[in-house]
Amino acid sequence: MLENILPEKKVVIDFEVIHVFPSIGRRVMSLNARQLDKTNGGQLILLDIEDITDQRKIEEGLAEIELLFHESKDRLKLAVDAAGLGTWDYNPLIGELIADSCCNEMFGLLPHEKIDCARFIAMIHEEERNHIENVLQLALKGINHGGYEEEFRTAETIDGNVRWIKFRGKAYFNVDGIAYRLVGTSLDITVQKILDQATKELLKKKDDFMSIASHELKTPITTLKASLQLLKRMKDNPDKMLPTLIEQANKSMERVTTLIENLLNTNKLNEGQLHLNKTSFIIADVIADCCQHIRVAGEYTIITKGDKELMAYADADRIEQAVVNFVNNAIKYAPGAKEIHISIEKIKDMVKVSVSDKGQGIPAEKLPYLFDRYYRVDSSGLQYSGLGLGLYISAEIIKRHNGQIGVNSEIGKGSTFWFTLPLVEQFS
Ligand code: ADP
């Protein structure tokens, strides 16, 4: 370099030489040289050698750190995006808030819409607004090392939604202990919240149901036990109470059987195991047969009207179960009215069976839920006992026959429960 380049260019600036010295090892040197022409025509070279090994190491290290930093920033961004996290960054010193598009979307904002802190606070649900504001203030004061983690609802967004957001982050402080940044992530946890709530409600329903079912079973079993004890006492010396006690024991037994049948049917329905054994039969015959026990007891009169020739193609036992349920409910929930009317009519290619009572009727707002599983109008169970399964099972039976089920009811006038079934055309 000194012999070839310098004579031509006169100067060499920052020429880097790497050399491994036997005693001090690898060094990086920067050479600066200048050719000076003497007045007498001779030449001088001014050469400056600087050992820049350490400086180069620092530069290389910094470059590597920067590369790593970019890489990890990219990796972090990927992870943040994949997790559906939104990120935001607040500078309390100048009051600037920067949120990414994902975060904006959670609050129903446009992807690049810019908002200030006051607007952000206003977008929190009013019931949680003060609390969240307080939490962020405490983080800025360094409580909990500036860390925060909270869940809150948004106020209703422009698209009409209220979302659940999980906020997590940290405040950063300068040497004077003043917060200069509050950064964090936001995650939309609405679906998770809905699922949690649904699970909670389901567990509560299950618990409620278990206690109702146990209570419902306990009542007739206690009566049955009492009847059997009395019968045992009078076994050698029967008195006039005997028929009443046997009747009472039978009724209790029937009640337990019905409850257990309902529970088993519900289980079968849940598991899709309710098999139908379809045949063609005259609807009026099934209705006449199924209510014998009520006719024999004599307290209630069942009046059947309509087309008594109509035939259905269905599972006669299951249809009987639905009719019995309607009639039993008419007696249970309308005990004062002694007449129950059943009508059979043809509507297009369907047969419609309706069971009407003159009871107290059902409030209109409760009607849509009557056929839901475990639904009872008087859920306290104080006035009437029951598991809320009868109508649910009836509805499932009718649905599986491609029929419809419904109720018309008016407070003070009574209720009419009905179902339809596909009709069998009769050729004469
Ligand atoms: P449960 O075994 O509790 O009687 P159901 O499914 O048969 O269950 O009935 C659900 C609810 O519908 C009952 O709790 C009752 O409040 C209401 N209900 C059913 N039938 C009648 C009726 N004929 N009159 C008034 N309410 C009725």
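The values are calculated or read from the model by the stated rules, or taken from the named source; none is laboratory data. Computed from a predicted structure; not experimentally measured. For neighbour counting, all protein chains shown are included, and Cβ atoms are generated from backbone atoms with ideal geometry for every residue, glycine included. Quick note on the areas: whole protein, heavy atoms, side chains included, nothing else; ligands and nucleic acids left out. Shrake-Rupley method; radii C 1.70, N 1.55, O 1.52, S 1.80 Å.
Couple of notes before you dig in:
- So residue 225, is it farther than 27 Å from residue 98 by Cβ and touching a residue at least 60 places away in the same chain (Cβ under 8 Å): no
- Which listed residue is more than 27 Å from residue 212 (Cα to Cα) and at pLDDT below 90, from 316, 312, 288, 284: 288
- Restricting the stretch 387-407 to residues that are closer than 13 Å to residue 371 by Cα and not in a helix (DSSP H, G or I), the residue that is farthest from the ligand (Cβ to nearest atom) is 404.
- Restricting attention to the stretch 171-184, the residues being surrounded by fewer than 18 Cβ atoms within 10 Å (Cβ to Cβ) and not charged (D, E, K, R) number 8.
- Residue in the stretch 401-413 that is surrounded by 15 or more Cβ atoms within 10 Å (Cβ to Cβ) and among the aliphatic types (A, V, I, L, M) present: yes
- Qualifying strands (runs of 3 or more DSSP E) (wholly inside the stretch 10-60; at least 2 residues being among the aromatic types (Phe, Trp, Tyr)): 11-21
- Hits in the stretch 41-55 (condition: at pLDDT below 90 and open to solvent by less than 70 Å² (accessible area, probe 1.4 Å)): 41, 42
- Which listed residue is part of a helix (DSSP H, G or I) and under 30 Å from residue 372 (Cα atoms), from 230, 202: 202
- Qualifying residues in the stretch 351-381 (those that are over 28 Å from the mean Cα position of the chain (by Cα) and hydroxyl-bearing (Ser, Thr, Tyr)) - the one farthest from the ligand (Cβ to nearest atom): 354
- All of 351, 327, 377 fail the test of being surrounded by 20 or more Cβ atoms within 10 Å (Cβ to Cβ) and not in a helix (DSSP H, G or I), apart from 351.
- Single residue of 247, 261 found to be open to solvent by 70 Å² or more (accessible area, probe 1.4 Å), assigned to a helix (DSSP H, G or I) and under 30 Å from residue 308 (Cβ atoms): 261
- Among all residues of the stretch 170-178, there is at least one that is among the aromatic types (Phe, Trp, Tyr), farther than 30 Å from residue 389 by Cα and touching a Lys or Arg at 6+ places or on another chain (Cβ under 9 Å).
- The stretch 228-268: number of residues that are polar (S, T, N, Q) and in contact (Cβ under 8 Å) with a residue 24 or more places away in the chain: 5
- Of all residues in the stretch 291-332, those satisfying the criterion of being among the charged types (D, E, K, R) and away from the ligand (no atom under 11 Å from the Cβ) are 295, 299, 305, 307, 308, 309, 315, 317, 318, 320.
- For the stretch 1-39, a residue qualifies if it is under 12 Å from residue 52 (Cβ atoms) and either out of contact with any strand residue (DSSP E or B) (no Cβ under 7 Å at 6 or more places or on another chain) or open to solvent by less than 70 Å² (accessible area, probe 1.4 Å) (or both), and the qualifying residues are 17, 27, 28, 29, 30, 31, 32.
- Scanning the stretch 305-321 for residues that are touching a strand residue (DSSP E or B) at 6+ places or on another chain (Cβ under 6 Å) and either part of a helix (DSSP H, G or I) or open to solvent by 30 Å² or more (accessible area, probe 1.4 Å) (or both) returns 305, 306, 307, 311, 313, 316.
- Residue within the stretch 240-256 that is of a type outside the set (Lys, Arg), in contact with an Asp or Glu (Cβ under 7 Å, 6 or more places away or on another chain) and at pLDDT 90 or above present: no
- When the stretch 64-82 is filtered for residues that are open to solvent by 60 Å² or more (accessible area, probe 1.4 Å) and either in contact (Cβ under 8 Å) with a residue 12 or more places away in the chain or of a type in the set (Gly, Ala, Ser) (or both), the ones remaining, listed by number, are 81, 82.
- Residue within the stretch 112-129 that is of a type in the set (Val, Ile, Thr), closer than 16 Å to residue 157 by Cβ and in a loop (DSSP other than H, G, I, E, B) present: yes
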